[in-house]
Amino acid sequence: MRIVVLLVVVALVLGGVGVAIVGLTSGGSGGSSDSSGDGAAREVPAPTTTPEAGAQDPPRPALAPFYDQELEWAACGDQECSRITVPLDYADPDGETIEIAVLRVPARVPEERIGSLVVNPGGPGAPGTTYASQAGGLFGQPLLDRFDIVGFDPRGTGFSTPVDCVSDEQLDVFRAADPAPDDQEEADALEQAQRAFNAGCAAESGDLANHVSTVEAARDMDVLRAALGESRLTYFGASYGTKLGATYAELFPDRSGRLVLDGAVDLSLSSRELSLGQAAGFETAIRAYVEDCVANGDCPLGDSVEAGLQRLKDFLDEVDARPLPAGDRELEVGNAFYGIVAPLYNRDYWFLLTRALAAAFEGNGAPLLQLSDAYASRGPDGYLDNSSEAIAVINCLDDPTAVDPDEIPDQVAEFEEVSPTFGEVFAWGLAGCIGVRTEATVETPEVDASGAPPILVIGTTRDPATPYEWAEALADQLEPAVLLTRDGDGHTGYQAGNACVDEIVEDYLIDGTVPEDGTRC
């Protein structure tokens, strides 16, 4: 079961709890749109194959050397790769610099090329070069024909100048630990491991760890836009990528073009509120999965939803007490949890979870460990990228709020109210930034994107990782936004099996056709 090939899985951690973005098709169904809202379609500025005068003008003169860059493309496999240079600290453009890795999949019909579509898969910490390199399975033919699909690894991630926190061996131990301690000894061990991890990020990464905020990554995107020769940014961002895209629109409204924000994050919420929202979202998802498993018959979890949910909880307790053999490794409770939640992002992959659980109940933890490894970008010989580390650094830089581990037990009841199955895990995630030694040097702005062209925000009604209410909230927060709703399961809406959503997204990016606010598919 080559799960690493089948899934594009990146870590999405809000409030310190890991979940996964699956970037292939999920189980929605096609349909026609049901429109409501404020009426007439609006158009957004078209991308330009020839940049307009002033496209490379810097926000201030000191940044001119960065905005004057030209990308030098070199073959890397079937794609093209390049790099740009950006200042480590935009307040000190004459100081240290870092590099941003870029990958391009050229438009398949060059004579009909519109421009560059910059893409980001979320995370934070997921490498956008990997996302773009798999564009053929992630984006529809109309976009592949007309756009160069361009992915970049945000500062601190992937093949850009990367942050580092711990060794691969230490990261294995960290991820395998019980994410919901059962006693004081486990709680103390988790706190110690979390503090050591966060201290390692500062020690191993130096000043870079203070400069990987969302605001700075958004500024890098404008340097990339200029280097690509685009007058305005055309962008598709998923999950955390919606926060990055919204921040760009706030900082550079006049450079914003056609922006799609899919699987939206509510920018107004605290880390605790985000964790509560995700806890509820994953409860919805796991219940939907168990209900489907039971309905299909011969479900390894039992004959009812409640029995199945209890079996999952009992199973995690069993693995905590006695890890399962998994080839030359062991399946420990942390890996078991991540292996369960990873396939919940896409209904098409629920069968993988059923197979993995059936094997685990027979004493074979290897399939579930493979799902957990895919979630963390871990291959047979180690980690394929630094996403499991970068996500923590970026999240804690954007919001360093942490709850003292001694206070976590008092939080559990509220989390279990919204998620009886996973609530305790999400509650303990509130301690994720404990002992952080990094500090952002830029302020996070209030975001309303005033002055930007119409922005397309997409929400899915039963999205586990970014609940639908977050998309509604982001659409309200962004002055030029219109909301598109997909009724379905899984994370994000585009290329999720719903032809209505796909057509609207492609018409918006290609022709600039803006749907009515409130359109439902």
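The values are calculated or read from the model by the stated rules, or taken from the named source; none is laboratory data. From a predicted model like this one, the values you see are computed outputs, not experimental measurements. Heads up, the Cβs are rebuilt from the backbone with ideal geometry, glycines too, and the neighbour counts pull from every protein chain shown.
With the structure loaded, tell me whether Ala238 is within 15 Å of the chain's Cα centre (by Cα), of a type outside the set (Ser, Thr, Tyr) and within 30 Å of Gly308 (Cβ to Cβ) or whether it fails that test. In short, yes. If we scan the range 352-368, do we find a residue that is under 20 Å from the mean Cα position of the chain (by Cα) and not assigned by TED's automatic domain parsing to the domain that holds Thr157? Looking for residues that are under 20 Å from the mean Cα position of the chain (by Cα) and not assigned by TED's automatic domain parsing to the domain that holds Thr157, one finds none in the range 352-368, hence no. Screening Ala238, Ala176 for residues that are touching a residue at least 12 places away in the same chain (Cβ under 8 Å), surrounded by 24 or more Cβ atoms within 10 Å (Cβ to Cβ) and among the small types (Gly, Ala, Ser) leaves exactly one candidate, Ala238.
Applying the selection to the range 476-507, what residues are assigned to a helix (DSSP H, G or I) and either among the acidic types (Asp, Glu) or surrounded by 23 or more Cβ atoms within 10 Å (Cβ to Cβ) (or both)? Those that are assigned to a helix (DSSP H, G or I) and either among the acidic types (Asp, Glu) or surrounded by 23 or more Cβ atoms within 10 Å (Cβ to Cβ) (or both): Asp476, Val501, Asp502, Glu503, Ile504, Val505, Glu506, Asp507. The number of residues in the range 214-244 that are farther than 21 Å from Ala481 by Cβ and in a helix (DSSP H, G or I) comes to 7. Within the range 73-116, the set of residues being over 23 Å from Gly156 (Cβ atoms), touching a helix residue (DSSP H, G or I) at 6+ places or on another chain (Cβ under 7 Å) and in contact (Cβ under 8 Å) with a residue 60 or more places away in the chain comprises Arg113, Ile114. Of the strands (runs of 3 or more DSSP E) lying entirely inside the range 39-114, the ones with 3 or more residues being under 28 Å from the mean Cα position of the chain (by Cα) and modelled with pLDDT of 95 or more are found at 79-87, 97-105.
So that you can scan it fast, the table gives a plain yes or no per residue for (1) in a helix (DSSP H, G or I); (2) touching a Leu at 6+ places or on another chain (Cβ under 8 Å); (3) under 15 Å from Ile286 (Cα atoms); (4) of a type outside the set (A, V, I, L, M, F, W, C):
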{"residue": "Leu352", "(1), (2), (3), (4)": "yes, yes, yes, no"}
{"residue": "Arg355", "(1), (2), (3), (4)": "yes, no, no, yes"}
{"residue": "Asp373", "(1), (2), (3), (4)": "yes, no, no, yes"}
{"residue": "Ala392", "(1), (2), (3), (4)": "yes, no, no, no"}
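Only helices (runs of 4 or more DSSP H) wholly contained in the range 138-213 count here; list those with 1 or more residues that are in the same structural domain as Leu397 (by TED's automatic domain parsing). Walk me through it before giving the result.
On the way: elements: 141-146, 168-176, 184-205.
Output list reads 168-176, 184-205.
Please go through the range 391-416 and pick out each residue that is surrounded by 13 or more Cβ atoms within 10 Å (Cβ to Cβ) and over 23 Å from Tyr240 (Cα atoms). Within the range 391-416, Pro405, Ile408, Pro409, Gln411, Val412, Glu414, Glu416 meet the criteria.
Listed by first and then second residue, the pairs with beta-carbon distance under 6 Å, at least 6 apart or on different chains, first residue in the range 280-298 and in the same structural domain as Phe415 (by TED's automatic domain parsing), second β-branched (Val, Ile, Thr) and not in a helix (DSSP H, G or I), are Glu283/Thr421; Ile286/Thr421.
Residue-wise test of (1) of a type in the set (Ser, Thr, Tyr); (2) part of a loop (DSSP other than H, G, I, E, B).
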site	(1), (2)
Leu397	no, no
Thr401	yes, yes
Glu414	no, no
Glu417	no, no
Val425	no, no
Trp428	no, no
Ile434	no, yes
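Counting residues in the range 326-339 that are among the aliphatic types (A, V, I, L, M) and part of a strand (DSSP E or B) gives one or more. Among the residues of the range 341-373, those identified as of a type in the set (A, V, I, L, M) and in contact (Cβ under 8 Å) with a residue 40 or more places away in the chain are Val341, Ala342, Leu344, Leu352, Leu353, Leu357, Ala358, Ala360, Ala366, Leu368, Leu369, Leu371.
Table: residues versus (1) out of contact with any helix residue (DSSP H, G or I) (no Cβ under 8 Å at 6 or more places or on another chain); (2) modelled with pLDDT of 95 or more; (3) charged (D, E, K, R).
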| site | (1), (2), (3) |
| --- | --- |
| Pro454 | yes, yes, no |
| Thr461 | no, no, no |
| Leu474 | no, yes, no |
| Gly497 | no, no, no |
| Glu506 | no, yes, yes |
| Thr513 | no, no, no |
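Taken as a whole, the structure places Arg329 among residues that are over 17 Å from Asp182 (Cβ atoms), surrounded by fewer than 23 Cβ atoms within 10 Å (Cβ to Cβ) and in the same structural domain as Pro380 (by TED's automatic domain parsing). Taking the condition in contact with a strand residue (DSSP E or B) (Cβ under 7 Å, 6 or more places away or on another chain) and either at pLDDT 95 or above or not aromatic (Phe, Trp, Tyr) (or both), does Glu318 pass? Taking the combined requirement at face value, the residue does not satisfy it.
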